[in-house]
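A short reminder: the numbers here are calculations on the coordinates, not readings from a lab. Not measured: the values here are computed from a predicted model. Using ideal geometry, Cβ is built from the backbone for each residue, glycine included, and neighbour counts are taken over all protein chains shown.
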Amino acid sequence: MIWNEPKECMSRDERKADQSKKLIDVVKNVYHNVPFYRKKMQETGLEPGDVKNIEDIEKLPFTTKNDLRENYPFGLFAVPKSEIVRVHASSGTTGKSIVVGYSRKDIDMFSEVVARAYCCTGVTKEDIVQIAYGYGLFTGGLGMHYGAEKLGATVIPVSGGNTSKQLDLLQDFGSTVLACTPSYAAYLSEAIDEAKIDKKDLKLRIGIFGAEPWSNEMRSKIEAGLNITAYDIYGLSEIIGPGVSCSCEMQDGLHIAEDHFYPEILNTETLKAENPGTIGELVFTTITKEAMPLLRYRTRDLASLNYDACKCGRTNVRMSKIQGRSDDMLIIRGVNVFPSQVESALLEIEEAKPHYMLVVDRVGTMDTLEIQVEIDDRYFSDEMVELNKVRQKIKRKVESILGISVIINLVEHKTIARSEGKAQRVIDKRKI
Amino acid sequence: MIIKQLTVFLQNKSGRLEELTDILAKNNINISALSIAETEEYGIMRMIVSDHEKALEALKAAEFTVKTTDVVSIQCPDIPGALHETLKTLTNNGIDVSYMYGYSNGGTARLIMKINNPEKAMEIIENNL
């Protein structure tokens, strides 16, 4: 079933006209209401009237995560605070978190796009949706919640964690849909086996997983483990939250709600548009948001676009699964980690040299982060106790900055390859 | 007596120890005592060698993480209770041992001990044993 056929199935020409009109409006809006954008446009001599159709989007300035941080907390709002009905924030990795505001209309739109996503995966109002995404500042829980209510399904707002409760609810309430991160789905699948629950007694049929990159292999594993069909949902709080795009029964890309979020794929070096099918950085412009519209937000996620109509009947553009990042950000156990954070932590510890390697792996369903650090000759000790103290000191420092537990391994001097160009700092052994 | 011990940081990877002995052999350095303390990821090799300065230089040149440490080397009779007597004397005089290793051969035993104040330890041993 298609939730909103007129919006999801319009012709490419109609689409272009719709997007052009909305882009013109949003540019006027931010120029007049967001000093940050007015200044950016004035710097390049751009006036709202210069944007006449969707193709003119390439004239517009970019927005980065750093811009959001610098305007913390409410600097990019385009409406008076009285119009803001909700605020979400994403985990602050380096310094301050980033804040996103929603007007009443934005929340309605958020619910609409998530309802479309549910529909895309075959969920109906007859379903019982167990939402095991975290509720709170993170957009996952509440986003999936409002969308399921809009659809008319029965919502179980259990939130993340508390695995034994999750298993009870799956059995007692007969949940038919599970929404959570793919790694938590894999974990639940193992927990079901460990608890010796017969999967035939569960009613689960659909899984909607997102907020983390995952592979098709992992999808097959989760599908077999939970005896469901699994779908990929994509989103980011800067743009709205989950529901920016979602895969359909064809499992051939994620349909973007492009009547609200205009996607571009740009070459990571030149920042010029790539041809459809070519992988590049995914950039979104929110063309209908009221409270905090963003122009050309650089997601740093790598993907490609496919404008062909889908066999499911939808004509909106599809994005590939996320293929990686254009920066060096890692997502470990749902937490964003930048190698530069590790580096700055090490620089504060005199016993360690700033030569390090991050080794990310997945043991069972848990991500592990090992940090190999070269020990400084001056602090090398013949006593094991002293070396362990150094290791503990590094561990505490790094953990306090990253917010996740790490394994510190001291390695020999000069064993970490030196590079004259961009140093290779990360070995990611996870298959995603 | 107080002697120099060579301490080498060794990553736990196949062949690393052999690389070290290769360098010592090529430099004609003899090892008279050694011990390795190991963890999952790395080990600390401690050894007494015929020419510690030459060994230090050679290992540093080969990028090993290496240092020399003063340790106390003492001899005691190779009979039951002899080690106990030695340690009792040290303990009674407030001397703590960080680590030790030893061997016995032909009636005498030789002990290598890491002590924070080796000079004081030597004085006590010379006066009491």
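Computed over the alpha-carbon atoms, the stretch B:2-70 gives an Rg to Rh ratio of 0.93, Rh here being the Kirkwood radius from the mean inverse distance. Whole-Hz Karplus values for the stretch B:20-35 come out as 5, 5, 4, 5, 5, 4, 5, 9, 6, 9, 9, 9, 9, 7, 7, 8 Hz, taken residue by residue from phi with 6.51 cos²θ - 1.76 cosθ + 1.60 and θ = phi - 60°; glycine and proline positions read x. Over all distinct Cα-Cα pairs of the stretch A:1-107, the Kirkwood formula returns a hydrodynamic radius of 15.9 Å. Residues whose amide H comes within less than 5 Å of that of A:ASP428, counting only those at least five positions distant or on another chain, are A:VAL360 (H built at 1.01 Å from N in the peptide plane).
When Rg and the Kirkwood radius Rh are both evaluated on Cα atoms of the stretch A:331-428, their ratio Rg/Rh stands at 0.96. Each of A:LEU167, A:LEU295 has some number of other Cβ atoms within 10 Å of its Cβ, and from fewest to most they run A:LEU167, A:LEU295. Here the contact order of chain B, divided by its residue count and restricted to Cα pairs under 8 Å and six or more residues apart, works out to 27 percent.
Taking 15 Å as the straight-line reach from the Cα of A:LYS125, the aspartates and glutamates in range (excluding those fewer than 8 positions away in the same chain) are A:GLU112, A:GLU149. Around the amide H of A:LEU271, modelled in the peptide plane, lies no amide H under 5 Å away from a residue 5 or more places distant or on another chain. Averaged over the residues of A:404-414, the number of partner chain Cβ atoms lying within 10 Å of the residue Cβ comes to 4.
A straight line joining the Cα centroids of the stretch A:332-397 and the stretch A:23-43 runs 44 Å. Look at A:ARG362, A:ARG318 and count the other Cβ atoms within 10 Å of each Cβ; fewest to most, that gives A:ARG362, A:ARG318.
Counting lysine pairs in chain B that sit 8 or more residues apart in sequence, or on different chains, and whose Cα atoms lie under 18 Å apart gives 11. Among B:ILE74, B:ILE115, B:ILE23, determine the one that fluctuates most according to a GNM of chain B built with springs between C-alpha atoms less than 10 Å apart. Highest fluctuation of the listed residues: B:ILE23. Of the GluC sites (Glu not before Pro) found in the stretch A:339-378, those in coil by DSSP whose Cβ has at most 15 other Cβ atoms within 10 Å are A:GLU348, A:GLU350. Measuring against 27 Å, Cα to Cα, the residue pairs A:LYS59/A:LYS289; A:LYS221/A:LYS395; A:LYS22/A:LYS59 contain A:LYS221/A:LYS395 as the ones spanning a longer distance.
Coordinate range of the alpha-carbon atoms in the stretch A:201-345 per principal axis, descending: 50, 44, 32 Å. For the stretch A:334-339, 3J(HN,Hα) computed residue by residue from phi via the Karplus equation (6.51, -1.76, 1.60; θ = phi - 60°) reads x, 9, 6, 10, 10, x Hz, glycine and proline entered as x. For the stretch B:2-70, the residue among B:THR39, B:THR65, B:LEU24 whose Cα projects farthest onto the positive side of the dipole built from Cβ charges is B:LEU24.
Shape descriptor for the stretch A:188-246: Rg over Rh equals 1.06 (Cα atoms; Rh from the Kirkwood inverse mean 1/r). Globularity index of the stretch B:71-128 is 1.04 (Cα radius of gyration / 2.2 N^0.38 Å, N = number of residues).
Amide hydrogen proximity for A:ILE375: with H placed 1.01 Å from N in the peptide plane, the residues at 5 or more positions away or on another chain lying under 5 Å are A:VAL411, A:HIS413. Cα centroids of the stretch A:198-232 and the stretch B:11-54: 52 Å apart. By the beta-carbon count within 10 Å of each Cβ, the least crowded to most crowded order of A:VAL411, A:VAL359, fewest first, is A:VAL359, A:VAL411. So for the stretch A:331-428, taking the charge dipole from beta-carbon charges (+1 Lys/Arg, -1 Asp/Glu), which of A:PHE338, A:GLN372, A:ILE394 sits furthest toward the positive end? Positive-end residue among those listed: A:PHE338.
Summarise the partner chain shielding of B:39-46 as one whole number: the mean count of Cβ atoms from other chains within 10 Å of each residue's Cβ. Write out the running numbers ahead of the final one.
Details: counts 6, 2, 8, 8, 1, 7, 1, 2.
Mean partner-chain Cβ count within 10 Å for B:39-46: 4.
Shape summary of the stretch A:108-157, radius of gyration then Dmax from alpha carbon positions: 9.8, 29 Å. Size estimate for chain A follows the Kirkwood approach: the inverse of mean 1/r over distinct Cα pairs works out to 23.2 Å. Shown in residue order for the stretch A:375-390 are the 3J(HN,Hα) couplings computed by the Karplus curve 6.51 cos²θ - 1.76 cosθ + 1.60 at θ = phi - 60°: 7, 6, 3, 5, 10, 5, 10, 7, 9, 4, 4, 5, 5, 5, 5, 4 Hz (x for Gly and Pro).
Computed about the Cα centre, the dipole magnitude for the protein assembly as shown is approximately 1060 debye when only Lys and Arg (+1) and Asp and Glu (-1) carry charge, each at its Cβ. Taking Cα centre as origin and charging only the Cβ of basic (Lys, Arg, +1) and acidic (Asp, Glu, -1) residues, the dipole magnitude of chain B rounds to 40 debye. Each stretch of four or more DSSP H residues adds -39500 (n - 2.57); spread over every residue of chain B, this sum gives -10000 deg cm²/dmol at 222 nm.
Over the stretch A:343-407, Cα pairs under 8 Å with separation of 6+ residues give a relative contact order of 32 percent. Between the listed residues A:GLN424, A:LEU266, B:LEU6, the Cα displaced farthest toward the positive end of the dipole of the protein assembly as shown, a dipole computed from Cβ unit charges relative to the Cα centre, is found at A:LEU266.
Remark: relative contact order (chain A) = 13 percent; criterion is Cα-Cα distance under 8 angstrom and separation of 6 or more residues.
Please give the average number of partner chain Cβ atoms lying within 10 Å of the Cβ of each residue in B:63-73, rounded to a whole number. Mean partner shielding for this stretch: 3. From the largest down, chain B spans 43, 29, 25 angstrom on the principal axes of its Cα atoms.
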